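Down below is the structure, laid out as structure tokens.
The values are calculated or read from the model by the stated rules, or taken from the named source; none is laboratory data. These numbers were taken from a predicted model, which means no experiment stands behind them. As a convention, Cβ positions derive from the backbone with ideal geometry for all residues, glycine included, and neighbour counts pool all protein chains shown. Heavy atoms of the whole protein, side chains included, go into the accessibility calculation; ligands, DNA and RNA do not. Shrake-Rupley method; radii C 1.70, N 1.55, O 1.52, S 1.80 Å.
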Amino acid sequence: MAGLKPTIIRGGLESLYFTGAHLVLRPFVGGVGAILTLHHVRPPRPDRFQPNRLLEVTPRFLTRVVKALRRSGLDLVSLDEMHRRMTEGDFSRRFVCLTFDDGYRDTLQWAYPILKEAGAPFAVYVPTSFPDRLGELWWLALEAVIARNDRIGLVIDGRDRKFDCHTVAEKRALYEELYWWLRALPTEAEMRGVVRHLAAYYHVDIVAFCEELCMSWPELAELAADPLVTIGAHTVNHLALAKLAKDTARSEMDLSSSVIEAALSVRPRHLSYPYGDRTSAGSREFEIAAELGFKTAVTTRPGVLFPAHRRAMTALPRISLNGDYQRMRYVRVLLSGSATAMWNGFRRLDAA
Ligand SMILES: [Zn+2]
């Protein structure tokens, strides 16, 4: 997100790196492996208002990351192999899994050639409504509404509000405010309702983003045919599961597997919780995922993997390759586990 927070995070990463603290901490916090989260991989765009830029890295950066991982002697492994090592306690070598959320077309277009060339396995977590062309990439609709207007009106908590968003700074601030206000609404239905209404009023076609940015079923089949690729579930409608009734949350997870199995002839054994933060996935979801037979499920809670995670294979942390921090030294610090250990207060397992 734009604003103050990235500066603080960046400052923290820089100081960890330059003080050498991550090298000192490494034996204690480095864990046995890590799962990296990526979204878009595509060439940089010139727009100054890109509030979702944290969700993308450049092909060049991905290439450098893969080379650096290989050079540092880490094994790049599939989710099945990660599961085997975790459950069998095979920790003789540190490992990294590469995972891509949402099934964007640029995974096929930009990331795949790089990873194929490197012989690196990776996973793609697909919300089935995206290839079904019914998905709502509401965060992009919100971005488009703010990008294309100088002033927008919105009813917030029953009050008519008007927001100026003429300058880039105003647009960034407004996006930040509305994004977190929406995410904090008690139900996903309310949140989607507000964005749908905004999009319709300001002539933004909310469903068009799917067609434009997400892989179709034939494109997913092309990826799925490669043994390097694992297709994972990411629910049907990309909803914050923890805000749903239990039965709905369960069917979001289960149905998505059935749809992927019908389309690609493989039933996913791995799951990624939409948004994946504490407000979107908690112990109830971790239990359901295990009951449904998923071998692993990943959150976006930051952290590296420790042997203790074998008892929490449906509540795994990940490390995000964030587009705002495309410097190799940040990646080295994150993989050392010292940054996430500090965020987690040096608590290793966080599966509640
Ligand atoms: Zn997602």
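Highest mean first, what order results for 148-158, 272-282, 216-226 on Cβ atoms within 10 Å?
The densest-packed peptide leads the list: 272-282, 216-226, 148-158.
Under 14 Å Cα to Cα from Lys171, which aspartates and glutamates show up? Leave out anything in the same chain fewer than 8 places away.
Here the aspartates and glutamates satisfying the reach criterion relative to Lys171 are Asp47, Glu143, Asp150.
Can you figure out the FRET efficiency of Ser265 with Asp205, using R₀ = 45 Å and their beta-carbon distance, to the nearest 0.05?
For Ser265 and Asp205, the calculated efficiency is 0.90.
Could you pull out every one of the lysines with an alpha carbon less than 24 Å from that of Lys246, ignoring same-chain neighbours closer than 8 positions?
Lys295
Which lysines have a Cα lying under 19 Å from the Cα of Lys116, excluding residues fewer than 8 positions away in the same chain?
Result set, ordered by chain and number: Lys67.
With +1 assigned to the C-beta of every Lys and Arg and -1 to the C-beta of every Asp and Glu, and no other charges, what is the dipole magnitude of the stretch 138-201 about the Cα centre in debye, to the nearest 20?
Here the size comes out at about 120 debye.
In the stretch 138-201, carbon and sulfur make up what percent of the accessible area (probe 1.4 Å)?
Its accessible area is 54 percent carbon and sulfur atoms.
Please give the per residue accessible area of the stretch 138-201, computed with a probe of 1.4 Å over protein heavy atoms only, in Å².
Value returned for the stretch 138-201: 52 Å² of accessible area per residue.
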